[in-house]
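One structure is given below, encoded as structure tokens.
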Amino acid sequence: MSTNGTSILLVEDDPNLSIVIREYLEMEGYKVLHCKDGKEGLDAFTKNKFDLCILDIMMPRMDGFTLAKEIRKVSEFIPIVFLTAKTMDDDRINGFKAGCDDYITKPFSTEELSLRIKAILKRCRIMGSPLNPEQNKEIHIGNYTFDPSNMLLTSEKSERNLTRKESALLKLLSENINQIVTREFALRTIWGDDDYFIGRSMDVFITKLRKYLGEDPAISITNIHGTGFRLEVKE
């Protein structure tokens with residue numbers, strides 16, 4: 001995948017690590033803007049256009065979790081990768097709750113970071129672009145109409161703009177109405193990995209979709225224990 005024109009916001013307070021990451025990614029063809037703390041990073045994000053954000057978690061003035069939440073208020077779609085020296089399970093879960101797309105624990109190789117960035121960007125572009133018009137046509141789910149290309153879920157009573165992952169997950173489920181979608185398949189298709197902690201994040205999205213579809217009693221998203229989920233629509 002070509003990196004031409006791909007702009008990355010790097011927010012990292014370690015000067016040595018930030019130099020290594022920036023120089024490697026620039027060598028790979030990315031445009032990189034480095035900020036040394038969370039507040040500086042947020043200011044840069046609001047003033048510039050980026051394709052991806054790489055955020056350290058433990059930073060002065062504003063930590064990575066808070067910065068990610070502020071970024072998500074501006075854009076639901078931009079991919080976010082967390083860098084952290086911590087390996088605590090709660091940190092990983094909090095990272096995905098804050099809206100990250102991937103999580104890399106220090107120390108890591110620049111090659112690994114580059115491969116993950118390429119995978120995330122490829123996945124986001126596939127999910128967010130109408131490569132095949134037939135794949136993005138409107139889908140009727142009970143009393144709802146789902147427009148994947150515009151990430152819009154509507155009914156007679158409501159209209160809701162979905163996030164990129166909410167839309168991708170609902171599209172996957174709606175393409176398999178009344179059929180089981182395995183957890184592994186959903187995680188690898190949308191997140192690119194079936195890591196346990198990403199799975200916890202997906203459960204949060206399933207809960208949100210249940211709420212969004214709650215107006216129609218004929219619709220349910222059933223948890224098939226140990227297997228996956230099934231979007232059920234009663235005739």
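Throughout, read-outs are computed from the coordinates displayed, never taken from laboratory work. Please read these numbers as outputs of a predicted model, since none were measured by experiment. All Cβ positions, glycine included, derive from the backbone under ideal geometry; neighbour counts span all protein chains shown.
How far apart, in nm, are the 7 Å Cα→Cβ label points at E232 and E215?
For E232 paired with E215, the spin-label model returns 2.3 nm.
Would you mind ranking R164, R72 so that the residue whose beta carbon has the fewest other beta carbons within 10 Å leads the list?
R72, R164
If each residue of separation counts as 0.36 nm, what is the full-extension length gain between F77 and M27 once their alpha-carbon separation is subtracted?
Full extension of this stretch gives 15.4 nm more.
With +1 assigned to the C-beta of every Lys and Arg and -1 to the C-beta of every Asp and Glu, and no other charges, what is the dipole magnitude of the chain about the Cα centre in debye, to the nearest 20?
Dipole magnitude for the chain comes out near 320 debye.
Can you tell me how much longer the chain between N150 and N16 gets when fully stretched, taken as 0.36 nm per residue apart minus their C-alpha distance, in nm with one decimal?
Extra length from N150 to N16 when fully extended: 44.1 nm.
Put +1 on the Cβ of every Lys and Arg and -1 on every Asp and Glu Cβ in the chain; which of L33, L172, C100 then has its Cα farthest towards the positive end of the dipole?
L172
Per residue of the chain, what 222 nm ellipticity follows from adding -39500 (n - 2.57) for every DSSP H run with n ≥ 4, rounded to the nearest 500?
Calculated mean residue ellipticity at 222 nm is -13000 deg cm²/dmol.
Can you list residues from other chains, or at least 5 along the same chain, whose modelled amide H is less than 5 Å from the amide H of Y103?
F82
Rounded to the nearest 0.05, what FRET efficiency do F108 and D203 have when you use their Cβ-Cβ distance and R0 = 25 Å?
0.40
Find the relative contact order for the chain and round it to a whole percent, using C-alpha pairs within less than 8 Å whose residues are 6+ positions apart.
13 percent
State the Cα centre-to-centre distance between segment 143-180 and segment 33-58 in whole Å.
31 Å
In the calculated pair distance distribution of the chain, what percentage of Cα-Cα distances lie above 26 Å?
41 percent
If one takes the longest principal axis of the Cα atoms in the chain, at what angle in degrees, from 0 to 90 and to the nearest 10, does the Cα axis of helix 64-74 lie?
Taking Cα atoms only, the helix is inclined about 60 degrees.
Does segment 7-128 come out rounded, prolate or oblate, given a ≥ b ≥ c as the square roots of the eigenvalues of its C-alpha gyration tensor, rounded meaning a/c under 1.5 and, failing that, prolate meaning a/b above b/c?
Judged from the Cα gyration tensor, segment 7-128 comes out rounded (a/c under 1.5).
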